[in-house]
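Everything below concerns the one structure shown next.
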Amino acid sequence: MKKQTLTHAPPPFTGTEVYTLPNGLTVILKEDHTAPVVSLHIWARCGAIDENPRIYGISHGLEHMVFKGTTTRPTGEITRLIESNGGLMNAATQLETTHYYIDIPSYGADTAIDILADTILNPTFPQDELERERLVILEEIHRRDDSPDATLWDEFSATVFKNTPYGIKVIGNEKTVSAMSREDLFTYFRTHYVPSKLNVVVVGDINKTKMLKRISTLFAPLKEKTPPPTPIVDLSAIKPGRVSLKKPIQLAYVAMGLATIGLGHEDVIALDMLADVLGGGNSSRLYQKLRETDKSVLSLSCDYLGFQQKGLFAFFAETRPDKLETAVKSLEVELAALPQNPIRPDELKRAKARVKSDWLYGAETPHGQASSLGSLSVLGQIHHISTYLKRVDALSVDDLMAAYASHIAGKKFSLATVEPKS
């Protein structure tokens with residue numbers, strides 16, 4: 001069994017231990033007795049990008065079905081056990097990951113890890129539960145279609161990442177969800193839920209030695225096998241585009257941005273900070289310019305969203321329909337003028353404080369710590385836990401301007417809008 005200790009990670013991650021079991025499963029443990037609670041997670045390195053067009057949405061379908069019963073625990077038993085121990089469970093699906101967790105008082109931690117292991121080793125995906133959850137997912141799809149923010153994201157990402165695995169809807173569509181079968185779930189699950197693609201993360205009021213022994217025993221029957229290769233996201237043939245949808249709404253919603261570097265690139269921290277300088281909060285440069293001075297938008301934000309292979313640098317705004325084109329033009333002009341009006345030291349100082357506080361607030365709880373550890377580790381980026389804050393402190397104005405010049409300047413942006421019908 002291989003072991004790594006994050007001795008140089010900042011609090012509260014200092015001393016986190018990372019193990020690789022003989023079958024290839026990664027186990028991450030952080031013992032913290034601050035409060036008598038434990039957060040237990042399983043992260044799978046598979047998501048929407050691993051699906052083919054016939055089964056779009058199946059990763060999200062598994063999210064709905066994994067807790068519905070096992071060969072030893074019938075439908076409803078898992079929920080009863082967790083709630084009777086004062087816990088809660090949930091799951092989430094993204095483009096590259098699927099995530100299951102149980103948050104529970106520490107006296108229920110052994111029960112929780114037993115259940116998580118059981119759901120991964122012995123799921124049954126009951127047909128009657130599949131039919132119920134199918135209706136739930138279809139309703140989610142309908143509600144999403146009625147949401148201008150959700151529709152904006154779907155159309156924007158489909159434009160930026162056109163005809164690539166990053167451009168599909170995580171939730172799937174009516175046709176694929178309606179056709180999803182129990183056999184499809186089992187096939188996809190057995191193909192992708194293999195030890196080398198799974199991380200088990202436990203943070204909180206535990207004895208890490210005992211927990212490691214328990215996890216090793218519980219997951220020992222999970223045999224390693226070679227998973228299918230991760231689909232390659234090739235953006236070389238994609239050209240920036242514009243898409244506009246009409247909805248029965250009163251305001252206009254705008255997304256503008258471009259595909260860029262992924263989480264493994266050395267400039268990822270600088271792009272993250274650049275996004276905060278430009279649109280991270282009410283004191284940011286573009287919020288002040290477009291919202292407070294020009295009044296061309298009602299709200300505005302800028303984000304760098306990092307994925308394993310690629311990333312997205314984007315602006316999101318809400319505006320009045322008659323101000324939409326003005327807002328878009330103002331964004332383009334302000335970005336193009338950045339070399340003539342470079343980032344100021346005071347802007348960088350503010351952004352550093354904001355980014356570091358977001359990082360620290362996100363690690364206040366065992367759940368937040370487990371989420372950070374699991375999401376970064378499963379994508380091969382756990383080193384960010386130890387280096388992120390140091391790299392933020394080390395950034396200079398020149399670093400941000402160099403990242404702008406390399407990844408933003410002179411590039412064409414894709415644009416998506418959701419506008420009122422009339």
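Before moving on, here are some points about what is shown:
- Against the rule of thumb 2.2 N^0.38 Å, how large the Cα Rg of the stretch 242-420 comes out: 1.07
- Calculated P(r) tail over 41 Å for the chain, as whole % of Cα pairs: 19
- Each eigenvalue of the Cα gyration tensor of the stretch 233-295, multiplied by 5 and square-rooted, gives one semi-axis; in descending order these are 26, 22, 9 Å.
- The stretch 90-168 and the stretch 253-328: distance between their alpha carbon centers, rounded to Å: 27
- The packing ranking of peptides 174-183, 268-277, highest mean first, is 268-277, 174-183, where packing means the average number of other beta carbon atoms within 10 angstrom of each residue.
- Positive contributions from Lys and Arg (+1) and negative ones from Asp and Glu (-1), summed over other residues with Cβ under 9 Å from the Cβ of Q308, come out at +1.
- In the chain, the longest principal axis of the Cα atoms and the axis of helix 366-378 are about 80 degrees apart.
- Listed peptides 256-267, 403-414, 61-72 appear in the order 61-72, 256-267, 403-414 once ranked by packing, highest mean of other Cβ atoms within 10 Å at the front.
- Net charge of Cβ neighbours under 12 Å - reference A112; Lys, Arg +1; Asp, Glu -1: -4
- Panel order for T119, T326, by other beta carbons found within 10 Å of each beta carbon, from fewest to most: T326, T119.
- Distance violations [Cα-Cα > 32 Å] among K223/K356; K247/K412; K68/K197; K169/K390: K223/K356; K169/K390
- Mean residue ellipticity (222 nm) of the chain, computed from DSSP H runs ≥ 4 via -39,500 (n - 2.57), nearest 500: -12500 deg cm²/dmol
- Residue-wise HN-Hα coupling along the stretch 73-85, computed from phi with Karplus coefficients 6.51, -1.76, 1.60 (Hz; x: Gly, Pro): 10, x, 3, x, 5, 5, 4, 4, 5, 5, 5, 5, 9
- Point-charge dipole on Cβ atoms (K/R +1, D/E -1) for the stretch 242-420, about Cα centre, debye to 20: 300
- Amide hydrogen neighbours beyond the local backbone of L95, cut-off 5 Å, H modeled: A48
- Environment charge at K329 (Cβ cut-off 13 Å; Lys +1, Arg +1, Asp -1, Glu -1): -2
- Equivalent ellipsoid dimensions for the stretch 2-219 as semi-axes, Å, which come from the Cα gyration tensor, largest first: 31, 21, 17
- The order of L25, L305, L331, going from fewest to most other C-beta atoms within 10 Å of their C-beta, is L305, L25, L331.
- Least to most buried among W153, W43, W359 (fewest other Cβ within 10 Å first): W359, W153, W43
- Derived scalar couplings ³J(HN,Hα) [the stretch 88-101; Karplus, 6.51 cos²θ - 1.76 cosθ + 1.60; whole Hz; x for Gly, Pro]: 9, 9, 6, 7, 8, 10, 10, 4, 10, 9, 10, 9, 10, 8
Bear in mind these aren't lab numbers, they're just calculated from the coordinates by the rules spelled out. In this text the structure is predicted, and so the values were computed from the model without any measurement. Cβ: placed from backbone, ideal geometry, glycine included. Neighbour counts: every protein chain shown.
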